[in-house]
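What follows is a single structure, written as C-alpha cells, with notes after it.
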Amino acid sequence: MDLDVAVLGTGLTESIVAAALSKAGYKVGHLDANPYYGADDASLSVDELVQWADERTKCDAEFSPYISRQRERFTDISYSGTVPAQSRQYALSLCPTIVPSVGPLIDSLIASGVSRYGGFKLLERVALYESPGVAKPVPGNKEDIFKDKQLSLLHKRRLMRFLMFAGGEFEDKPELQGHEQTPFPTFLKEKFSLDDTAVRAIAYAIAFCASTSDPTLPALHRIRRYLRSTGRYGPSPFLFGHYGGIGEIAQGFCRTAAVAGATYVLGRQVISTQVVEAPPEGSRKYRVTIDELSEHIECDVLISSADYTSLLPSRPLAVSNMSVSSPGDYPVARCIAILDCPLAFTGLVAATEPAEDPEIQDSGTSPDPQSATVDTAVLVFPPGTVSDGSQSTAVHVLVTGEGSVSAPGGKWVIYLSMPLLDEEMKAQTPEQLLRPYLNAALTITLPHAAEDRLEPLFMLFYKQHPTTVLMPSDDESPPLLPDPSIPLYLPEMADSSVHVAEATFWRAIEQLKAADVIDSFWPPLDVVEEEDEW
Amino acid sequence: HGVKRVRYSKEALEAKRQREQSKLKEYLALNDDILARKKNRDYSQEAFELSTRMLRINPEFITVWNYRRDMFLGEIFPKRYVSSSDVNDLLTEDLNLTTALLKQHPKVYSIWNHRRWCLEYVPDGPSEEDPHGWRTANWNKELFVVEKMLEGDSRNFHAWNYRRYILASMPVRRSEQSELVYTKRKIEANFSNFSAWHQRSKVLASLWEKNELDPVKSREAEFDLVKNAMYTDPGDQSVWIYHRWLIGEGNDAALLDREISSIQELLDEQPDSKWCMESIAYYKNILLQKHSAKLSEGEQREVAASCVKLFDELQLVDPERKQRYVELCKDPPIS
C-alpha cells in the first residue's frame, strides 16, 4: 500500500493529526494494536476495562512490544467488585478530562466537522470538599457570588475584584509584576487580601492548581481562559463528551479521517518499521509491516505515539506543546469506581433562600435536597483537607452518569486523579494514596442511614507514568512523536492535545515538502449550514 | 469574543449565493401575489394560507397581518357553520404561529400585537357555567410563553410590558407576592436588569399601599438585597437607581446616615467607584437640605465640604462627565 503518512496509535492527538492530514488531501494509514479507537484515551465498557487491566498485569511468557510498553506506562493495577450486568452501557475513560467551551479543541471540532458526530454534557457544578459530608459549590461568576448567603459583603467585593482582574489584561498590571512565579495561594492572599476559603476555591477549583506551590502566571492564564468560556453553552465553562468523553472524540476524528480517505487497521500488531529505498526513483521511504497482513505500508512520513517507539528505525523527534511552559512530567495515581448513588453538594441547599411565601404557586422550582444531587460534576480536595491525604497536593474528582451517556440510569462513574509530585508519594500504591479520598467522596452523597456505608460496586486503581523521551537521531526526516506528557490540570488535556497535534501536522507538512501548498490546519468547510428553512 | 470565525470554501459560498438568489425570486413573486389579492379583497382559504406563508418569512409585514385579521373578521368567523369552539381553535392556532415566530423574532411589535388581538377575541366558553375557561387557558399559556421569552432574554422590555398586560388581563389574577418572587429570581440570575428592578418596585409599592406586606420589614430586606448587589458589582447602574428609589424622599435621617456609612465602607474597599461617590454626595445633600436642624453649623460645613471633595474626585475618576459634576457641585439636586 503506497501512502503518504502512516500514524501509529489512535489516541486523541494522533487522531487529530490523522484527520487533518487526510482532509488536507494526503493518503493516511492509521493503525492501532488495540481493537478499539482511542488507545490511552479510550472509552471502554466495564468488561473491556477488566480485559485492559488483565492484559497489563498477568504474567505471560511473551509480550508484544506494544504491551511491554503499556506495562511500563500503567503499573500497580488492581480491581475489585463485580462487573455489572449492563457492562456495555458504561463508557469508562482512561483519560478523564473536561473541555473548556472556548479553546483549540472546540475550534478543531467545529472546523473539522467532527462536532456533528457527538454530543456533550455541560458540567453542572464544581464543589470544594470541606469536611466529611460537606462540599460547597464554588462561585464561578457574578450570579453565584451575588446569591451566596455565606459570603460576607466584603468578601464578595474582593472575590469579584479578583475575577475582574483575572478575566482582563493582567500581564502589565502592577499586582503581578515580579510575582509571576510566586506560589499562587500566596499571591492571592497578599495582593487581593483574600481569606483561606476564597484562596482554596480560586486556586484549586477555579484554576485547578495541582499543589500549594503552583506558580501564579500560568494559573492566571488558565483562569482567564476558563472565565472566557463561561456562558458560551451555559453557566459552566466546561463540557464532558458523551460516551466517556475524550475516547469518543478521538473516534470522531478517526471517522472524519476515514471519510476523507484514510485507511484504518485496528487490532493488529505492528511487526516492524524500516527505512527502505523504494521505486521508482529509489526515494527514501518507511516500510511498515503488520502482523497477518501480507501487504506492507510504504510512506514518506511516519508518526508514532510513544507505545510504538521500540519498533521505529531511529529515534523520533518529539513534538511538544509550545504554548505552555512544561511543568515537568509526573506520574498520576488514578481510580475509576462505579457507584449506585449520586453525589449531592448539600452546600447548595444551605446557600439559597426558601421561597418568600410557601403557598406561592410559582412556575419556578424551589430548592430541595433532591436538587442538590449532580449528574456530571467536579469535586475538588484542596491540599490538607483529608486526613491520611496529602498536605501539598490537590486531588480532583470527576463524577458523571446517565447525563453524559457514560452509565445506565441509577449509576455513576467516579474518577479520581492525583499527581505524584514527590518521591514519598511515588513510593505508595495508588490504593493507599486514593482510598482516603474515595472514602471522603463517598460521604458527599444524599443523607442515608448511617449503617449502610456506601461502597462502590466496582473499583479499579492504577498508576500512569510519563514516558521518557530520548534525544532524536540526526535523521533528515525522523519519525515524529507527538509529546506524550500527562497534563497536570484537569481541563487542559484536550486543548494541549490539539496544540501538539497541530505542531506535528506542520512538521509532517514540512517533511512532505508541502509547506507552500498547505496554508491552514483545517481546510474550509464544504457546506454552509442553513440558518432558516422556509 | 475569542471565538474564531469558521471558514467556508469558495464553492460552498457560491452554492449559498445561488440558494439565496432563488429564495429572493420566490419571495418577490409571493409579495406581488399577496398584495394583489388584498387589493381584490380575496378572503379565500388559499389567500389565508398564502398570508401564513408570507408571515413566516417576514413577520414584520404589518399589511399582511392586517389582511389576515380582515380575513378572520370578514369571512372566516361570521360563517354560520363556524361555532365559537371553532373560533377558539383558530385563534389558538394563530397564537401557536406567533409563538413560533417570536422564538426567532422576539422584538417585533406586530407579532406581539397580533397576539393581543387573538387573546381579546377569544369568545366566552367552553360552556355557560364556565364562560372564562378558554380565556383562562389561553392567558395561562401566555404567561408561560412570556416567561420562556424572559428566560431567553431577561432584559427584553417588550416581554416585560407584555407580562404586565397579561397579569392585568387574566380573568383569575395571580398574587402580587408571586410576582415579587419572580422578579427576585430574575434579579438573582443577572442583576444588571433595569426591567426586573422596575417591576419589583411597582409590585412593592402596590403591596405596601394595600398593607399586604409590612413596609418596614420589607424595605429592610430590599436594602439587604441591593447592598449585596452593590458589593458584588458597584459598577452596575440599575442597583444604584433602585437604592435611590428605596431611600425615596429621604425623610428618615437615621436611614440616610446608615446608608451613607455603608456606601462609604464600600468606597473604602473600592476607591475608584464613581457610583459610590455620586450617591454619597447625593444623599449627604439631602441631609443638608432636609435635616440641617439635626446638625450643628460646624457639622453642616463639614458635610458640604465632603460633597465638594467628592465632586472633585468624580471629575478625575469619570472625566467624560466632568462638566456634569461641575454643575452638580454648583447646584446640588434636591430629591
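Descriptive notes on the structure:
- Of the residues B:TYR282, B:TYR81, A:TYR233, the one with the largest accessible area comes first in the ranking B:TYR81, A:TYR233, B:TYR282, computed with a 1.4 Å probe on protein heavy atoms.
- The heavy atoms of A:PHE170 present about 0 square angstrom of accessible area, all protein chains included, probe 1.4 Å.
- The protein assembly as shown, Cα convex hull volume normalised per residue, Å³: 247
- Length released on extending from B:VAL172 to B:THR92, taking residue separation times 0.36 nm less the Cα-Cα span: 26.9 nm
- Placed amide H near A:PHE120: partners under 5 Å, 5+ positions off or other chain: A:HIS242
- Short-range pairs are left out: with C-alpha atoms under 8 Å and at least six residues apart, the relative contact order of segment A:141-229 is 32 percent.
- Debye, to nearest 20: dipole size of the protein assembly as shown, +1 on Lys, Arg Cβ, -1 on Asp, Glu Cβ: 1980
- Separation of the B:ILE57 and B:LYS148 label points, Cα + 7 Å toward Cβ, nm: 2.6
- Simple spin-label estimate for B:ASN113 and B:THR136 in nanometres, 7 Å along Cα-Cβ: 3.3
- Here B:GLU327 sits with roughly 100 square angstrom of accessible surface, probe radius 1.4 Å.
- Solvent-accessible area assigned to carbon and sulfur over the protein assembly as shown amounts to 50 percent, based on a 1.4 Å probe.
- Spin-label model, B:ASN161/B:ASP272: points 7 Å from Cα along the beta carbon direction are separated by 3.8 nm.
- Anisotropy class of segment B:182-312 from Cα gyration tensor, a/c 1.5 cut: oblate
- By the rule of a C-alpha distance below 16 Å, with chain neighbours fewer than 8 residues away ignored, the aspartates and glutamates paired with B:LYS210 are B:GLU176, B:GLU179.
- The 1.4 Å probe gives accessible areas that order A:ARG116, A:ARG232, largest first, as A:ARG116, A:ARG232.
- Interface burial for A against B (accessible surface, 1.4 Å probe, total of both chains, Å², rounded to 100): 3600
- All Cα pairs of segment B:99-184, percent lying beyond 21 Å: 31
- In Å², nearest 10: area of A:TYR204 left accessible to a 1.4 Å probe: 10
- Around B:GLY74: net Lys/Arg minus Asp/Glu count, Cβ-Cβ under 14 Å: +3
- Helix axis angle, B:176-189 relative to chain B longest principal axis, alpha carbon, degrees: 80
- Protein-only accessible surface order, largest first, of B:LYS25, A:LYS58 at 1.4 Å: B:LYS25, A:LYS58
- Gyration tensor over the Cα atoms of segment A:141-229: the corresponding equivalent ellipsoid has semi-axes (square roots of 5 times the eigenvalues, largest first) of 20, 14, 13 Å.
- Within straight-line cross-link reach of B:LYS38, aspartates and glutamates at Cα separation under 20 Å, skipping those fewer than 8 residues along the same chain: B:GLU26, B:GLU46, B:GLU49, B:GLU60, B:ASP70, B:GLU75, B:ASP94
- Cross-link pairs B:LYS227/B:LYS322; A:LYS149/B:LYS202; B:LYS103/B:LYS141; B:LYS25/B:LYS107 - those with Cα-Cα distance over 19 Å: B:LYS227/B:LYS322; A:LYS149/B:LYS202; B:LYS25/B:LYS107
- Gaussian network model of chain B, Cα within-10 Å springs - most flexible of B:GLU11, B:GLU93, B:GLU129: B:GLU11
- Chain A: angle of helix A:493-511 to the longest principal axis, Cα-based, in degrees nearest 10: 20
- Top of B:LYS290, B:LYS274, B:LYS210 by mean-square fluctuation, Gaussian network on chain B, Cα under 10 Å: B:LYS210
- Compared with the rule-of-thumb size 2.2 N^0.38 Å for a compact globular protein, segment B:160-212 has a Cα radius of gyration ratio of 1.12.
- Selected from B:HIS291, B:HIS243, B:HIS158 as most flexible by GNM, with chain B as the system and alpha-carbon contacts under 10 Å: B:HIS291
- Contact residues in segment B:178-208 by the 40 Å² criterion (accessible area, 1.4 Å probe, full protein complex versus chain alone): B:VAL181, B:LYS184, B:ARG185, B:GLU188.
- Candidates B:HIS243, A:GLN86, A:MET459 compared by Cα position along the dipole of the protein assembly as shown: farthest toward the positive end lies B:HIS243, with charges placed on Cβ.
The values are calculated or read from the model by the stated rules, or taken from the named source; none is laboratory data. Predicted model only: the values in this text are computed from it and were never measured. All Cβ positions, glycine included, derive from the backbone under ideal geometry; neighbour counts span all protein chains shown. All accessible areas refer to the heavy atoms of the entire protein, side chains included, with ligands and DNA or RNA removed. Shrake-Rupley method; radii C 1.70, N 1.55, O 1.52, S 1.80 Å.
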